[in-house]
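The values are calculated or read from the model by the stated rules, or taken from the named source; none is laboratory data. Small disclaimer: the values here were computed from a predicted structure and weren't measured. Glycine also receives a Cβ, built like all others from the backbone with ideal geometry; neighbour counts cover every protein chain displayed.
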């Protein structure tokens, strides 16, 4: 690579600093919103938790909503990646679907605050948050439908969507009840119940 295409040292340092600040703000956003909810969260609380100035947050984000949605997108990307990796690492579509459910519930159980932001608060953050959540659920539903289509040809076209929707409703209810840490223990019985209802041996 020629020296002309390289970022100047000062600019590279500024980029690294900004990336670090952004990461701290998003982590703090999830932490605060996971405690208090999207509506109650304030940028003052976020910058205090991140150990940064209010000017810094406005250098990186337009407002509270912009900051929150960036944090929510990161969570969605993380959950999408870990569930897809679990599915692809399994030997069969059935094992893959179960592995994806286990990965989802394990992550939420081990991370109650991010779980609240991911499962509950994202969809409440105005029209943009609702659209973000709807797009994510559509993608997860399509993935589940594809997996179920490989399980058995005579299953209803949207069996996977209905199954994953049920998993998410249970997870959301547990998070709202302050019982997120119980979710990993529910994964085996939830997947077993799905196989029984669908008549899958």
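Within segment 92-133, can you find the residues that are over 15 Å from residue 33 (Cβ atoms) and either in contact with a strand residue (DSSP E or B) (Cβ under 7 Å, 6 or more places away or on another chain) or free of Cβ contacts under 8 Å to residues at least 12 places away in the same chain (or both)?
The answer is 92, 95, 127, 130, 131.
Could you run through segment 34-56 and say how many residues are assigned to a helix (DSSP H, G or I) and farther than 25 Å from residue 119 by Cβ? Walk me through how you get there before you give the answer.
Just the residues of segment 34-56 that are assigned to a helix (DSSP H, G or I), to begin with: 34-36, 43-50, 54-56.
From what's left, farther than 25 Å from residue 119 by Cβ: 44, 47-48, 54-56.
Residues that pass the stated criteria total 6.
Quick one: which residue in 132, 194 is surrounded by 15 or more Cβ atoms within 10 Å (Cβ to Cβ), touching a helix residue (DSSP H, G or I) at 6+ places or on another chain (Cβ under 7 Å) and more than 22 Å from residue 77 (Cα to Cα)? Don't jump to the end; show me each part of the working.
Values: 132 fails: more than 22 Å from residue 77 (Cα to Cα).
None of the others qualify; the one that does is 194.
Of these, 49, 73, 88, which one is free of Cβ contacts under 8 Å to residues at least 24 places away in the same chain and either closer than 20 Å to residue 127 by Cα or surrounded by fewer than 15 Cβ atoms within 10 Å (Cβ to Cβ) (or both)?
Values: 49 fails: either closer than 20 Å to residue 127 by Cα or surrounded by fewer than 15 Cβ atoms within 10 Å (Cβ to Cβ) (or both); 73 fails: free of Cβ contacts under 8 Å to residues at least 24 places away in the same chain.
Exactly one residue qualifies, and that residue is 88.
Consider residue 26 carefully, then state whether it is closer than 21 Å to residue 160 by Cα, modelled with pLDDT of 95 or more and in contact with a helix residue (DSSP H, G or I) (Cβ under 6 Å, 6 or more places away or on another chain). Full working, then the answer.
Details: closer than 21 Å to residue 160 by Cα: no; modelled with pLDDT of 95 or more: yes; in contact with a helix residue (DSSP H, G or I) (Cβ under 6 Å, 6 or more places away or on another chain): yes.
Answer is no for this residue.
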